[in-house]
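Below is one structure, written out as structure tokens; comments come after it.
The values are calculated or read from the model by the stated rules, or taken from the named source; none is laboratory data. Keep in mind it's a predicted model, so treat the numbers as computed, not measured. Note: ideal-geometry Cβ built from the backbone for every residue, glycine included; neighbour counts use all protein chains shown.
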Amino acid sequence: MVKKEKVIQVKNLVKKFGDFVANDHLTFDVYKGEIFGFLGANGAGKTTAIRILCGLSIPTSGDISVAGFDAYTQTENIKKNIGYMSQKFSLYEDLTITENIKFYAGIYGLSDKEIKQKSDKLIQKFNLSDKKNKLIKSLPLGWKQKLAFSIAIIHNPKIVFLDEPTGGVDPITRRQFWDLIYEAADAGITVFVTTHYMDEAEYCNRLSIMVDGKIEALDTPENLIKQYKVDNMDQVFLKLARKTNA
Amino acid sequence: MKRFIGFLKKEFYHIFRDRRTLIILFGMPVAQVLLFGFVITNEIKNVKIAILDHSKDEITKQITNKILASEYFILDKNLSSDNEIESIFKAGNVKEILIFENNFAKKLEKYGKANIQIITDATDPNTANLIVSYTSAIILNYSNRLNVQSNVPMQIQTKTRMFYNPELKSVFMFVPGIMAMILMLISAIMTSISITREKEMGTMEILLVSPLKPAQIIIGKVMPYVILSFINAVTIIVLGMYVFGMPVQGSIPLLLAENVLFILLALSLGILISTTTDNQQAAMMKSMFGLLLPTILLSGFIYPIENMPIALQIVANLMPPRWFIIIIKDIMLKGTSFAFVWKETLILVAFTLFFLIISIKKFQIRLE
Amino acid sequence: MISVQNIKKSYGDTLAVSNINFSVEQAELFGLIGPDGAGKTTIFRILTSLILPDEGKAILNGYDVVKDYKKIRQIIGYMPGRFSLYQDLSVEENLNFFATVFGTTIEENYDLIKDIYKQIEPFKKRRAGKLSGGMKQKLALSCALIHKPEILVLDEPTTGVDAVSRKEFWDMLQRLKEKGITILVSTPYMDEASLCDRVALIQNGQIMQIDTPDNIVKSFKHELIAVKTENMHKLLHDLRNFSDTHSAFLFGQNIHYTSINSKINNEELKHYLQKNNHKNIEINKIQANIEDCFMELMT
């Protein structure tokens, strides 16, 4: 991990909905090629923050730059330089694998030649050549998620946002998914990920834990475990999030 | 019973909390009726007519005066012979010609029957239709009053001829048509959506697993819409009376009872749709294409059934709104009693039972 | 008492579950552990009489799920996979509704739901759709319990819920169990297996193993070590290329490693890793957990 280039810079990010403060002065940086875990209980404000970082929502105040672009004025540029995938929204179930690839690659303006090249590569990588004309819905969940991730980074974005990408996936496929994440990070793509699996949190280079709209902790998993004098991330999380009511 | 009341209460919460639907529910009928009403009163002001009076007696004068006294018609010309009819229509100003037959008053007195011929320029069929219905209404009104005064029943027969489009026959179709359309829309679409919503939300799973019986679920879902649709039916009738000047000649309880019957029919259709559908969108589409369009196109609401090809006429006979419209027209306009509409009523009852039985049969106690 | 015998179910051409056999004692907390699509929901829907099995038989407290479905529906409390309460009704209205549907009242069974409902009672006027994930789940559980069911069937109650709420939820289940309620619960989270009395590990429509969590862990037949170096990604790669490797899986900060040999030769492994430029190599013998066992059964 090279700790020099900051791809996400967030200083005093505040987002209010009426009187409700969803994000309360968040400050953090994410470096190029880093796997950054973004944890927090349900309703802690994770989704709000991710939407802002993806250029889908304008912050109330604070200095935010994503992939070198301003989160107030350059949201269109931000969108061109990121990839996004979540458990709920991934691929079109009623399109085939190749159709999905072509569609997403097309959205990001890849040339026909590039699309062909990338989709061949992808299909080869996943050994899907006999299935490439099958509808997505015929694939097992784990495969869908792996494929969705690969498609989310098909345009080689600077950052990819993953919102609970592995929910409900079996343990082996979950680990294969993380192999893909590491591979992307090695290729220089910054990975910004949320998860409810605490063992996955430990795969991240650094973690932030949000509680009630604030970042309560931000460090490497090892340091957090040491700092809170516990054995694993699960306990760190419980210790921090316990303070609030469900 | 307590279970059922609890269920009903919940349904009403759903309805009253969904403001947008509520506005559509109550706003739509009013808007539709007013829209039609507005269009009609606008078009049918100061229509130029010509009169060919072969008898020139007291009664024909009275009728003429009554027609001209309404704000709808202006006399353009008094004609003296049948030969002028063609040319005056060709000139284009006059939209309607009234022809009183010879010895009008005498015939009326002697046989209790006399004829007025109404000829309209039907190049614009809707306007022609409206003009005829207005004229007929005025004449009908007059003849009714005449009947009150004398003890011999007298009948003035209007014979309508549509020039250039002679088959057009529908009279006062709008209110019954809108009524059929709106009751269909609200009853069928709303129930089918409200049942499929429970499927979509996953709450149906819990209801099925509960001791509630399928019949309780269905009736509980349907009941609120019976009430809402009934309110709508009354609203339409009231608006129709005041905006359209639509007469209600027949018995009002009978009219309302027929409305309830039609509401039940539409609701059973809604349930049927929902038993074959898993999501709200599909339910909406099925109701739209399966019910709304046929109601508009094949019920005789807009297009006269007599003009359709035989095959379509047969299909039209399978459209429940068709019979409902006949019933409503008869009760409202002709003032007929149940003795004359029992056949159509029976058809509606048969439809309702048919749909209800299928849907109860199809309503699953399980998820598959 | 629940007894499930040889249940099989397919949807069209796809076989959803087959050869499902298990039994659950009264007041036992029994877990169905497996990923999405393993067949957990299908099994639960058969047990709650929502779908019919193609083959096999299931008896709940003496009632057959096919023949006596009306009885079954009175004795079970069911919480489906997704949040299925009325979002436009308030907390209190939801609970009231389910109470009347089952012919009871909140007051009548208040002591059963008290512990859970107390936590959401301050928000009882709030619409269910506006509750946080943890609160929704508590409300759903309260609704499933309101008629004092003998058997509680919970389909993935903790999916998508954060770690804190999950912990609280399992504590609640423990207390309900103490009140004599039989609980069947499914979850994709392997770590929750240890909170059940007994679990069935399920994958691709088949039950792979049924036992207490302790026994499952004990039955892990390999020696297991946790390996850690400075470059974990490379370590995983190198371990997979090592000729002695049986399995190597990331587990948090470590890689869990088993060898094809019955005994792991730590020195040899260390040597291999050093040769591949790994620094700060840590190797510790560890006890397998449910996830290790699950993955072992999958391979």
Test for C:Ile202: is it surrounded by fewer than 21 Cβ atoms within 10 Å (Cβ to Cβ), among the β-branched types (Val, Ile, Thr) and assigned to a strand (DSSP E or B): no
Total residues in segment C:214-231, condition under 22 Å from C:Ala248 (Cα atoms), away from chain A (no Cβ under 12 Å) and not in a strand (DSSP E or B): 10
Residue that is in contact with a Lys or Arg (Cβ under 8 Å, 6 or more places away or on another chain), loosely packed, with under 13 Cβ neighbours inside 10 Å and more than 17 Å from B:Ser55 (Cα to Cα), where the choices are B:Glu86, B:Glu71: B:Glu71
Residues located in segment C:224-244, provided they are β-branched (Val, Ile, Thr) and more than 30 Å from the chain's Cα centre (by Cα): C:Thr229
All helices (runs of 4 or more DSSP H) inside segment A:135-204 with 1 or more residues being more than 9 Å from chain C (Cβ to nearest Cβ): A:141-152, A:171-186
Single residue of segment A:1-44 satisfying the filter (over 20 Å from C:His233 (Cβ atoms) and small (Gly, Ala, Ser)) that is modelled with the lowest pLDDT: A:Gly43
Breaking point among (1) within 20 Å of B:Glu205 (Cβ to Cβ); (2) assigned to a helix (DSSP H, G or I), for C:Lys118: (1)
Residues being within 12 Å of chain C (Cβ to nearest Cβ) and hydroxyl-bearing (Ser, Thr, Tyr) - total across segment A:205-246: 2
Failed criterion for B:Phe172 (all others in (1) of a type outside the set (D, E, K, R); (2) at pLDDT 80 or above; (3) touching a helix residue (DSSP H, G or I) at 6+ places or on another chain (Cβ under 7 Å) hold): (2)
Verdict on A:Val193 being within 16 Å of the chain's Cα centre (by Cα), under 30 Å from C:Ile33 (Cβ atoms), crowded, with 23+ Cβ neighbours inside 10 Å and modelled with pLDDT of 85 or more: yes
3 or more residues over 15 Å from the mean Cα position of the chain (by Cα) and of a type outside the set (A, V, I, L, M, F, W, C): qualifying helices (runs of 4 or more DSSP H) within segment B:256-368: B:280-287, B:338-362
Which listed residue is among the aliphatic types (A, V, I, L, M), crowded, with 18+ Cβ neighbours inside 10 Å, under 20 Å from B:Ile189 (Cβ atoms) and away from every other protein chain (no Cβ under 14 Å), from B:Leu348, B:Leu333: B:Leu348
Any chance C:Val101 is within 13 Å of chain B (Cβ to nearest Cβ), surrounded by fewer than 20 Cβ atoms within 10 Å (Cβ to Cβ) and among the aliphatic types (A, V, I, L, M): no
Some residue of segment C:113-127 being touching a residue at least 60 places away in the same chain (Cβ under 8 Å) and out of contact with any Asp or Glu (no Cβ under 7 Å at 6 or more places or on another chain): yes
Matching option when the condition is surrounded by 15 or more Cβ atoms within 10 Å (Cβ to Cβ) and either in a helix (DSSP H, G or I) or modelled with pLDDT of 85 or more (or both), among B:Phe16, B:Phe36, B:Phe12: B:Phe36
Every pair of residues 6+ apart whose Cβ atoms lie under 6 Å, when the first sits in segment A:25-38 and is in contact (Cβ under 8 Å) with a residue 24 or more places away in the chain and under 20 Å from A:His196 (Cα atoms) while the second is surrounded by 24 or more Cβ atoms within 10 Å (Cβ to Cβ) and hydroxyl-bearing (Ser, Thr, Tyr): A:Glu34/A:Thr190
Matching helices (runs of 4 or more DSSP H) fully within segment B:52-146 where at least 2 residues are within 25 Å of B:Lys334 (Cα to Cα) and not basic (Lys, Arg): B:58-69, B:104-111
Wholly enclosed strands (runs of 3 or more DSSP E) of segment C:242-299 bearing at least 2 residues loosely packed, with under 12 Cβ neighbours inside 10 Å, aromatic (Phe, Trp, Tyr) and touching a residue at least 60 places away in the same chain (Cβ under 8 Å): none
Any hit, segment C:153-161, residues being out of contact with any helix residue (DSSP H, G or I) (no Cβ under 9 Å at 6 or more places or on another chain) and either within 14 Å of chain B (Cβ to nearest Cβ) or crowded, with 23+ Cβ neighbours inside 10 Å (or both): yes
The one condition in (1) free of Cβ contacts under 8 Å to residues at least 24 places away in the same chain; (2) of a type outside the set (A, V, I, L, M); (3) part of a helix (DSSP H, G or I) that C:Arg82 fails to fulfil: (3)
First in segment B:344-368 and farther than 12 Å from B:Ile271 by Cβ and without any contact (Cβ under 8 Å) to a residue 40 or more places away in the chain, second anywhere and of a type in the set (Val, Ile, Thr) and assigned to a helix (DSSP H, G or I), Cβ under 7 Å, 6 or more apart: B:Glu344/B:Ile326; B:Glu344/B:Ile327
Positions within segment C:83-96 being at the interface with chain B (Cβ under 8 Å from one of its Cβ atoms) and in contact with a Ser or Thr (Cβ under 9 Å, 6 or more places away or on another chain), in sequence order: C:Ser84, C:Leu85, C:Tyr86, C:Asn96
Residues of segment C:139-171 classified as modelled with pLDDT of 90 or more and either of a type in the set (Asp, Glu) or over 19 Å from C:Thr48 (Cβ atoms) (or both), total: 7
Qualifying residue in segment C:130-142 (condition: touching a residue at least 60 places away in the same chain (Cβ under 8 Å), surrounded by 19 or more Cβ atoms within 10 Å (Cβ to Cβ) and within 13 Å of chain B (Cβ to nearest Cβ)): yes
Residue match in segment C:104-112 (condition: within 14 Å of chain B (Cβ to nearest Cβ) and either in a helix (DSSP H, G or I) or in contact with a helix residue (DSSP H, G or I) (Cβ under 7 Å, 6 or more places away or on another chain) (or both)): yes
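Per-residue answers, yes or no, for (1) modelled with pLDDT of 90 or more; (2) over 24 Å from C:Asp211 (Cβ atoms); (3) not assigned by TED's automatic domain parsing to the domain that holds C:Leu195:
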position: C:Thr258; (1), (2), (3): yes, no, yes
position: C:Lys263; (1), (2), (3): no, yes, yes
position: C:Glu268; (1), (2), (3): yes, yes, yes
position: C:Gln274; (1), (2), (3): yes, yes, yes
